[in-house]
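The values are calculated or read from the model by the stated rules, or taken from the named source; none is laboratory data. If you're wondering where the values come from, they're calculated on a predicted model, not measured in any experiment. FYI the Cβ positions are ideal-geometry reconstructions off the backbone, even for glycines, and counts take in every protein chain you see.
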Amino acid sequence: MNSEEPLDLARLTEASIRAEETPQPEILEGRLAKARRSTALWIGLAIVAIAVVFGLITPSHSFVKPENLLAIGLNASVIMLLGVGMTFLIGAGHLDLSIGYSLILASVIGAKTMVALGGTPEQVQTGAYANLALAITAGVIAAIASGMAIGLLNGLLVTRLRLSSFIVTLATSGIAFGLALILTSAANIPYIPNELQDNFGGAKFERLIPYPLLLALAVGGVFWAMLRKTRFGMRTLAIGSSRDAAARAGIDVNRHTLKLFVLMGALVGVAAIVDISRNANTNVSGHQTDNLQAIAAVVIGGTSLFGGVASIGGTLLGTLIPVMLANGLVQMAVPPFYQYALVGVILILAVYFDQRRRERSS
Amino acid sequence: MCDHGMTVMASPEIAIRASGIVKNFGHLEALRGATLEVHAGEILALVGDNGAGKSTLANVICGALAPDGGDLTLWGEPVEVHSIAHAYELGVGVVYQDLSLALDLSVADNLFLGREPEGQGWRRWLGILNRDRMRNEARAALGVLGIRLRSLDVPVRNLSGGQRQALAVARAMMWAKRVVIMDEPTAALGPKQSGIVFDTIRKAADDGLAVLVISHDIPQMLTVAHRIAVMRHGRVVVEVDAASVKLADVIGVMLGEEVAG
């Protein structure tokens, strides 16, 4: 390393501070980037493999028919929305276990708002909403506000009381679920406007792409840009990488963390609207494994549970795997319950690989 | 800040004036009334045994720690630097002992973290980063320190210890307008790179910045610094001209007789 001459391309490949007595190890150029790329490759391969296997074994290859693939996308849309928010949170070194029950609460509040503002009880029950636009608008806002409120609560508890997000969100899932059951006496809310299902939840753009999937992909695109291109995204990963370093760079870490939880909550509200639009009903007894599925999708997608490294594209792809398994199993007349066990196994594998990667790189 | 008038106007040339700084961590009295002045254009080396309070004092001056007592003025301006962001606004650049880098972020992102340049117009409104500008300015700032990296987009995790330290120095120099504080800035560097860092420090001082360097390398400090301040048990016990003091004397004061006070 006798390098006194100025910048020289060949020298640059060796790339280091030019220290004579203590030669620096060559830069481990792009290894992490490569690992990340290979993660995406790995998920892509897994998705193709699952599609091929189910395509071969399902009756008349129904699994790989376009309408079935789009149905998989539709079924993944709620988890995609949740996973996108979760990618930011995990990227910042946090976790949100409350999303499933917060989603139930948001859907209940949204549905109740719609029913209450739709018109007289008779009008609402016959599906002839007098104030349809008002009811839907207010319902959407109420659902998103509900999700954001739980997010705000999570964020305040994590940042002000300095509690672990794991415990905080476990606790607030109970609070959200309890509130939802209190509000509904554990019964679902009927008479949600059919228009929501006809024009959105069950409708397709150009008779091809389900609107909920389109929405999830659009939201994914926006958040991808946010993560990669903006100050907000960069600071999110900085906090996940090193809270102290971010704070010492002058970033208000608590404020940023609070925003992340509220953002997650807003996406929970959007997902709640998608959910009631698809089913024209609330699903008070469902969503127990939404958090598992979203976290699994995020980690499978290459976002590190250690924080600092995140991929929205990986999350969107990662979401597909559990849904494909469920879809394929149903078509094989296998009880879909196996899906949950499989997702658990996949999550453990993903976490294991994440840990191995981290150990190797440090 | 009742002694405002007294401390402020002592001299506009005093860049850092810390007087009677107290800082406790539980039962541990890390600083017991530490007093220190650093003049503009001066390199002051802060030396002392482990646990003497050097890093704590530096952290108070740069706003990373809130003191429990005492007064601080930067460039004649009384400040309660309780936020690091505030210290940055006052033109203080810092190299932390642990470097405080976000290892998963790229070299360029680390240099600008907290002060990211944004694009124009709608890009600015959306908070979109101007990464081209970041790369160009990062390359220039690193070039000054003789750091050559193959790419500024690699995560800092992939850099060697020496490269990371040089990056932290480059970041401090990039943002320091009036004061530079460096906590062991050359601990992981080879002699050549250390030399470049010290040249940079000298140049910064020649440009009128006040430089506070914490180091265990006392012989090196005697050649680099203008003055040496020795800390012991949470106080600055001696301030001497580097030119007129011998290594043995400094070490003697550092280790101190137990009767020190």
Please verify whether B:Gly162 is out of contact with any helix residue (DSSP H, G or I) (no Cβ under 7 Å at 6 or more places or on another chain), assigned to a helix (DSSP H, G or I) and modelled with pLDDT under 90, treating the condition exactly as stated. no
Test each condition in (1) under 16 Å from A:Met234 (Cα atoms); (2) free of Cβ contacts under 8 Å to residues at least 24 places away in the same chain; (3) crowded, with 18+ Cβ neighbours inside 10 Å; (4) not charged (D, E, K, R) for B:Phe112 and report the one that comes out false. (2)
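Please verify whether region A:272-283 includes one or more residues that are within 14 Å of chain B (Cβ to nearest Cβ) and surrounded by fewer than 22 Cβ atoms within 10 Å (Cβ to Cβ). Spell out how you get there, then give the answer.
Start the filter on region A:272-283 by keeping residues that are within 14 Å of chain B (Cβ to nearest Cβ), which leaves none.
There is no residue in region A:272-283 that is within 14 Å of chain B (Cβ to nearest Cβ) and surrounded by fewer than 22 Cβ atoms within 10 Å (Cβ to Cβ).
Working carefully through the options B:Ser160, B:Ser106, find the one that is more than 8 Å from every other protein chain (Cβ to nearest Cβ) and of a type in the set (Ser, Thr, Tyr). Outline the logic, then answer.
On the way: B:Ser160 fails: more than 8 Å from every other protein chain (Cβ to nearest Cβ).
Result of the check over B:Ser160, B:Ser106: B:Ser106.
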Anything in region B:174-211 that is in contact with a helix residue (DSSP H, G or I) (Cβ under 8 Å, 6 or more places away or on another chain) and of a type in the set (Asp, Glu)? List them, or say none. B:Asp183
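Looking at region B:77-103, which of its residues are within 10 Å of chain A (Cβ to nearest Cβ) and at positive phi? Give the derivation first.
Just the residues of region B:77-103 that are within 10 Å of chain A (Cβ to nearest Cβ), to begin with: B:83-89, B:94, B:96, B:98-103.
Of everything in region B:77-103, those that are within 10 Å of chain A (Cβ to nearest Cβ) and at positive phi turn out to be B:Leu99, B:Ser100.
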What's the total number of residues in region A:185-207 that are out of contact with any Leu (no Cβ under 7 Å at 6 or more places or on another chain), assigned to a loop (DSSP other than H, G, I, E, B) and not hydroxyl-bearing (Ser, Thr, Tyr)? 10
Here's a check for you: in region B:141-152, which residue that is touching a helix residue (DSSP H, G or I) at 6+ places or on another chain (Cβ under 7 Å) and not β-branched (Val, Ile, Thr) is nearest to the other protein chains (Cβ to nearest Cβ)? B:Arg150
I'm checking my understanding of the structure. Among residues of region B:115-126 that are within 11 Å of chain A (Cβ to nearest Cβ) and not in a helix (DSSP H, G or I), which one is surrounded by the most Cβ atoms within 10 Å (Cβ to Cβ)? B:Glu116
Which of (1) crowded, with 18+ Cβ neighbours inside 10 Å; (2) out of contact with any Gly (no Cβ under 8 Å at 6 or more places or on another chain) does A:Arg255 not meet, given it meets every other one? (1)
So which residues in region A:326-362 are within 14 Å of another protein chain (Cβ to nearest Cβ), of a type in the set (D, E, K, R) and either more than 30 Å from B:Ser160 (Cα to Cα) or surrounded by fewer than 13 Cβ atoms within 10 Å (Cβ to Cβ) (or both), if there are any at all? A:Glu359, A:Arg360
Name the residues in region B:148-190 that are farther than 19 Å from A:Ser241 by Cβ and of a type in the set (Asp, Glu), would you? B:Asp183, B:Glu184
Could you list all residues from region A:217-239 that are small (Gly, Ala, Ser) and more than 7 Å from every other protein chain (Cβ to nearest Cβ)? A:Ala218, A:Gly220, A:Gly221, A:Ala225, A:Gly233
When region B:240-256 is examined, which residues are found to be modelled with pLDDT under 90 and charged (D, E, K, R)? B:Lys246, B:Asp249
If we scan region B:200-207, do we find a residue that is within 14 Å of another protein chain (Cβ to nearest Cβ) and not in a strand (DSSP E or B)? yes
Return a yes/no flag: does region B:173-187 have any residue that is of a type in the set (A, V, I, L, M, F, W, C), within 13 Å of chain A (Cβ to nearest Cβ) and farther than 27 Å from B:Leu247 by Cβ. yes
Report, by residue number, each residue of region A:37-88 that is crowded, with 16+ Cβ neighbours inside 10 Å and not in a helix (DSSP H, G or I). A:Thr58
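Which residues, counting only those in region B:17-67, are in a strand (DSSP E or B) and over 15 Å from B:Gly234 (Cα atoms)?
Of region B:17-67, the ones in a strand (DSSP E or B) are B:17-25, B:28-39, B:43-48.
The answer is B:Arg17, B:Glu37, B:Val38, B:His39, B:Ile43, B:Leu44, B:Ala45.
Going residue by residue through region B:127-134, is there one that turns out to be part of a strand (DSSP E or B), modelled with pLDDT under 90 and at the interface with chain A (Cβ under 7 Å from one of its Cβ atoms)?
Of the residues in region B:127-134, the ones part of a strand (DSSP E or B) are B:128-129.
Those left that are additionally modelled with pLDDT under 90: none.
No, region B:127-134 has no match at all.
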